[in-house]
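Notes follow the structure.
We did not get these values from a lab; they are worked out from the coordinates using the rules stated. Keep in mind the model is a prediction, meaning the values are calculated, not measured. With ideal geometry, Cβ positions are generated from the backbone for all residues, glycine too; neighbour counts draw on all protein chains shown.
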Amino acid sequence: MRAIIIGGGVGGLTLALALRRKGIKAEIFERAGDVARSQVGAGLMLAYNATRVLRHLGLEAELETVGHRYRYSEFRSQRGELLVRWSVPDEELQLGVMRANLHRMLLAAQAEGVLHLASTCTGFRQDAKGVTAHFADGSEARGDVLIGADGLKSVIRARLLGPERLRYAGYTVWRGLASLAHEDAPPGLFRMSWGAGKRFAFYHVAPGLVYWFGVASAPEGRREPPGTRRSGLLQRFRDWPEPARALISATPEEKIHRTDIYDRKPIDTWGESRVTLLGDAAHPMTFNLGQGACQAIESAAVLAECLGEGGEPTAALRAYEERRKSRTAGFTRLSRRVGAIGRVSRPGAVWLRNMGLKLIFGRIVLPRQERSRAIELRG
């Protein structure tokens, strides 16, 4: 069997590795000329469900150096009051990483000739014997199955399902990377502070290197005048406890990135015949649970398992979709709800939200999340 993977992001790269372990040939076609460079400035959290898959794929040693382990997490109020705190079990590896470093790790593990850069897919054609991908330069690639792992604005999804509107979440994110040692930002800690329509969070991605992000409700498409982003953030978070202002101040203006946040409603149809979707192309979600990349990694593992069972390719793709649709839809909906409670701004609603986090999250939500966090790996 030969698999054509459109998209060389976290999901596509993980899928190629997982397929190789099953003896399935795969080629990745990525539109960017440099995958890692296109992810500069973006951080992410690799929860246990993702690191467990990557360890299973033989990347345990690489994971120890690609990011920074966090051992406990906490939510605080805008005033610094501790709302809830929980620790990560020693046997569960959870990491803060720069997305570019994760890409480099996954790229280094690929077999020679698997990845084709600067390859823009424009569509595909199926027949009884296989599927052909078409590219902007006129070239083609032929395989038994085609997987669209080409992100939020997936070409493959658009060809399968037609035009769709992205769903704006109602808030924007500023993010940066600070070289800073601060007593209120100790290594091993993930902290998110919740305010009135605003949030601020940080975690280490390497010794002495802290990734941070601030969130606020905002109209879609709004941008600051040039040269005012850092000063605007310092004003926006002026009455927040440290290390918020220290992290913003330690980040150069040009290294602070702003991104409006989108997702899509969960869908029942991911594929057709020899074609399916993976990652943000299939189940895009907001960042609020830290599960976007983690779910892409899970999906890659499940898809490789289904294709590796040796049955008819189209049946394997449908089996993969059935195994993944419910779980990813649950994360998508919950992540959107978390984002919504982060947007509350009236004092009474903020107080109720914070009390809910303090009284309910640690006792009910967190234990349920712990029980359902990792998928079964079959081989």
With R₀ set to 45 angstrom, the calculated FRET efficiency between the beta-carbons of L161 and S249, to the nearest 0.05, is 0.50
Mind putting together the pair-distance distribution for the chain? All Cα pairs, 20 Å bins, whole percent per bin, short to long.
28, 57, 14, 0
10 Å beta-carbon shell around L115, net charge (K/R +1, D/E -1):
-3
Relative contact order for the chain: what percent, with Cα pairs under 8 Å and sequence separation of 6 or more?
22 percent
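How would you rank K255, K265, going from fewest to most other Cβ atoms within 10 Å of each one's own Cβ? Intermediate results must be reported in sequence, preceding the final value.
On the way: K255 15, K265 11.
Fewest-to-most ranking of K255, K265: K265, K255.
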Theoretical FRET efficiency, 1/(1+(r/R0)^6), r = Cβ-Cβ of R238 and T269, R0 45 Å, to 0.05
0.40
Extension gain from A181 to R258, taking 0.36 nm per residue of separation minus the Cα-Cα distance
25.3 nm
Restricting to Cα atoms and excluding each atom paired with itself, what does the Kirkwood estimate give for the stretch 41-133 in Å?
16.6 Å
Give me F202, F237, F361 ranked fewest to most by other Cβ atoms within 10 Å of their Cβ, as a rough exposure proxy.
F361, F237, F202
For the pair K358/R346, report the inter-label distance in nm, with labels modelled 7 Å from Cα in the Cβ direction.
2.1 nm
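How large is the helix-only mean residue ellipticity at 222 nm for the chain, computed as the sum of -39500 (n - 2.57) over DSSP H runs with n ≥ 4, divided by its residue count, in deg cm²/dmol to the nearest 500?
Result for the chain, helices only: -10000 deg cm²/dmol.
Kindly put H103, H68, H56 in sequence by how many other C-beta atoms sit within 10 Å of each C-beta, fewest to most.
H56, H68, H103
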If you take the beta carbon distance between L82 and K129 as r and set R0 to 51 Å, what does 1/(1 + (r/R0)^6) give as a FRET efficiency, to the nearest 0.05?
0.25
Around G43: net Lys/Arg minus Asp/Glu count, Cβ-Cβ under 11 Å:
+2
